[in-house]
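See structure below.
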Amino acid sequence: MTDKYNAPEIEKKWQRKWADDKLYEVKEDSSRPKWYALTMFPYTSGDLHIGHWYAMAPSDVYARFKRLQGYNVLHPMGFDAFGLPAENAAIKRGIHPYKWTMQNVENMRRQLKSMGSMYDWSREVITCQPEYYKWTQWFFLKLYEHGLAYRSKSPVNWCPQCQVVLANEQVENGLCWRCETPVVKRDLEQWLFRITKYADELMEHKDIDWPERIQLMQRNWVGKSYGTEISFALDHPGVTEKEIKVFTTRPDTVFGATFMVLAPEHPLVAKLISVDKKAEAEAYIARTRRSTEIERLSAEKEKDGVSIGAYVTNRLTGEKIPIWIADYVLLGYGTGAVMAVPAHDERDFAFAKKYNIPIKVVIASPEWKDEELENAYIGDGTMVNSGQFDGLPSQQGAKAVTDYLEKKDWGKGTISYRMRDWLISRQRYWGAPIPMVYCAKCGTVPVQEKDLPVLLPEEAEFKPTGESPLKYNGKFVNTTCPKCSSPAKRETDTIDGFLCSSWYFLRYCSPHYGKAAFDPEKIKYWMPVNIYTGGAEHAVMHLLYARFFTKAIRDMGLIDFGEPFIKLFNQGIIIADHQKMSKSKGNIVNPDEYVNELGADTVRAYMMFIGPWEQGGEWFDTGISGISRWLNRVWNLVLEEYQPKTIDADATRELERFKHQTIKRVSGDMDRLRFNTMIAALMEFTNFLIKVRGNGSVAASDWEKGIETLIILLAPTAPHLAEELWHRTGHEYSIHNQSWPKWDETLAKEDEITLVVQVNGKLRDRISVQASIGENEAKQLAQNSERVKPYTQNNKIVNIIYIPSRLVNIVVK
């Protein structure tokens, strides 16, 4: 009898040994191919739940597999530590955000280590530490230096609950992405990054292996549209602007424009409102600011607006058309102005009907008989009521109108994008200070690089004013101008935490490098990341920002590649009680309990067996108990003494075949990240070896080779158990420094037999098949034989007789 498998005790022992020996610390090694395997680092929320494990454990299994294959594997870990949740939690608990964050880091680091992952902890990065955010600030200065960071006053997304500005990507269905409070608009001076400069590149994914749905989400977010910019003449007393430009994808409808709509926030509105319309318009604007974008764009919402008493001239018709404001036009999209063509746009049609605005048909459908429209016609057709363009098909007409506008200098063919520049100012304390200074003499001045980092002061007074707490810290705010040394004021906004996570993968390559953000030589060795794993919810925030940042610093000459992650894999989610886990539902699964009772290896294996990694699955205690029983069987199988009885050549061949088939299956499943079927293959091999041990029909040496193979194949999934079994079977430490076994196609191939096929007892065919063929498959092959079909296809099959491994006889009438 062997001693009992005590997983928690074994795991603690080997974790200490691996740490003491620095087993997973990795150095650059030109003699081996590199492999950079990265999992999205966690936010310092306090505890790792089972969802974190589902992201991290399978990723670690794959990294271990690549290591055993001979790759020099970098698999680092760190913490995304700045941001609003830490600040809010600290306020709620009456504790400093730094202290709260670092306590969480300690706890989460302990949990991550209990997982048994092969993280190189010597490379840990924590984004709220000055040695990290010094370089975040340095990158801000570089973006500013290259014209990619600028300050502008504009309407911003404002979360009243979080008291913070949100980037467009952080507004989901009109709600704050963190607290789900409806977002409203405010005007503020903000810092932005010119991500739109890279719009076209961000739509391309040609050199990377990313899921198609992520590529589509990013392309849709960038939202590239081909169309025409059209100028409408403006002649208004006291207004210097002489035109209002609109962007349209339907220039063929311009003759049908009977009014113009401006976004209520448009800067021209205040200049154009007539005295008699001012009160009504201002009330409408105030109401609009309290609405979310999703509310404003809702198809269910009745379209309404206010005429502001001003006009523009449609240059192609010479007609003056009224200007309205309406909340369904957004300042952030296009030019913030729309030429309204009610006959050919559903929103404009509803609006025109409500306010009795003329509806002029300019695109005729084949069925149109010069009658009043009951609904907007939005399809292609023939241009009518369009002057010299009458009779042209609408697509041809669109080009002709654009050419005419360009000739008259009234417009031009152009491209519009849905994506807007990345707003990075945050009116909060817990973030990297923006390294800019405001001087009465010199204006806006960047902090000198030698003076970085601009440290966050320890003192902060938190007030629900919507302004940064740093604004009330005189010691922080009051400084001297880097240019003229006159008294000056620091910028009090902090940097969006997404900038910190846009470059952390670069810092891992040389985390202690003091001369720059990273060591260029080590970047050349490790980057780009070979495989990046994490949630699909980051498609238009972190993943888009990281790609922009990488392309921007490439163009600065800091790196020589434009894509940070060669392959992206998005895991699914784990649910419990048939629903997504959340604290409010009380169905959070705490992995610590299971690690303490059953061991981390059991949790790791169950995570991968629960379902296809990209799909996720449901957590069941009965399921993890089954995995625990399997690992206990492996323990007993390996350690109980094998006693050969009568050696059988066929049994030996079968062991060799099954072993090579298992190596092939497990290797293929690992390469494809099909961990659930990989575990199934290991279970089948375990059951096969149990049968072999019971029969005692192979030599001890063959048995030992089979056991060795099982242990190594198990090592990525259950690293502690595999290390213990490797040690107990007399092998050299460590199993994680061994080589992944290779399979022999010849040995893995099933033996073949000749299957005789008869019809009514007469020989009709002989088929070569695998010896392990089952009855149903044999019968199907026999019926599908081209030599057999002429004798069966016009007859009724009344019976099929099967003699295993020998014969199929089809009886027909």
* What number of residues within the range 382-404 are free of Cβ contacts under 8 Å to residues at least 60 places away in the same chain and either open to solvent by 90 Å² or more (accessible area, probe 1.4 Å) or closer than 17 Å to ASP348 by Cβ (or both)? -> 3
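Pick out, from the range 680-771, the helices (runs of 4 or more DSSP H) lying fully within it that include 3 or more residues that are closer than 23 Å to SER117 by Cβ, under 40 Å from the mean Cα position of the chain (by Cα) and at pLDDT below 95. Before you say what the answer is, go through the steps one by one.
On the way: elements: 700-714, 719-728, 745-748.
Fully inside the range 680-771 and qualifying: nothing.
May I ask you to list the residues in the range 90-101 that are in contact (Cβ under 8 Å) with a residue 24 or more places away in the chain and within 12 Å of GLY46 (Cβ to Cβ)? Working first, answer last.
Looking only at the range 90-101, we keep the residues that are in contact (Cβ under 8 Å) with a residue 24 or more places away in the chain, and these are 90-91, 96-98, 101.
ALA90, THR101, listed by residue number.
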* Structure fact -> Taking the range 785-804 and keeping residues part of a helix (DSSP H, G or I) and open to solvent by less than 70 Å² (accessible area, probe 1.4 Å) leaves LYS789, THR792
* **Subset of the range 282-330 (residues that are farther than 29 Å from THR402 by Cβ and part of a helix (DSSP H, G or I))** => GLU282, ALA283, TYR284, ILE285, ALA286, ARG287, THR288, ARG289, GLU293, ILE294, GLU295, ARG296
* Is it fair to say ALA233 is touching a residue at least 12 places away in the same chain (Cβ under 8 Å) and open to solvent by less than 20 Å² (accessible area, probe 1.4 Å)? -> no
* To do: Could you tell me whether GLU28 is open to solvent by 30 Å² or more (accessible area, probe 1.4 Å) and farther than 19 Å from GLU593 by Cβ?
  => yes
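Only one residue in LYS580, LYS567, LYS585 is within 24 Å of the chain's Cα centre (by Cα), of a type in the set (Lys, Arg) and modelled with pLDDT under 90, so which one is that?
Details: LYS567 fails: modelled with pLDDT under 90; LYS585 fails: within 24 Å of the chain's Cα centre (by Cα).
Residue meeting the stated conditions: LYS580.
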* Among all residue pairs at least 6 apart or on different chains, which show Cβ distances below 7 Å where the first residue, located in the range 300-320, is under 23 Å from ASP409 (Cβ atoms) and the second is in a loop (DSSP other than H, G, I, E, B)? -> VAL312/LEU234; ASN314/ALA257; ARG315/TRP410
* **Contacts under 6 angstrom Cβ, first residue in the range 22-50 being within 30 Å of ASN587 (Cβ to Cβ), partner at pLDDT below 95 and surrounded by fewer than 16 Cβ atoms within 10 Å (Cβ to Cβ), 6 or more apart** => HIS49/ILE588
* Could you list, in sequence order, the residues of the range 611-631 that are among the polar types (S, T, N, Q) and buried (at least 16 other Cβ atoms within 10 Å of the Cβ)? -> SER628
* Within the bounds of the range 331-349, is there any residue that is open to solvent by less than 10 Å² (accessible area, probe 1.4 Å), more than 21 Å from PHE389 (Cα to Cα) and in a helix (DSSP H, G or I)? -> yes
* Pull up the range 179-198, narrow it to residues that are modelled with pLDDT of 95 or more and surrounded by 20 or more Cβ atoms within 10 Å (Cβ to Cβ), then point me to the one that is farthest from SER468 (Cα to Cα). => TYR198
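With buried (at least 23 other Cβ atoms within 10 Å of the Cβ), acidic (Asp, Glu) and at pLDDT 95 or above as the only criterion, which of ASP252, ASP327 stands out? Even if it seems obvious, please write down each step before you answer.
Working: ASP327 fails: at pLDDT 95 or above.
Exactly one residue qualifies, and that residue is ASP252.
The values are calculated or read from the model by the stated rules, or taken from the named source; none is laboratory data. In this text the structure is predicted, and so the values were computed from the model without any measurement. So basically every Cβ, Gly included, is an ideal-geometry build from the backbone, and we count neighbours across all protein chains shown. Each accessible area value is taken on the protein alone, full model and side chains, heavy atoms only, with ligands, DNA and RNA left out. Shrake-Rupley method; radii C 1.70, N 1.55, O 1.52, S 1.80 Å.
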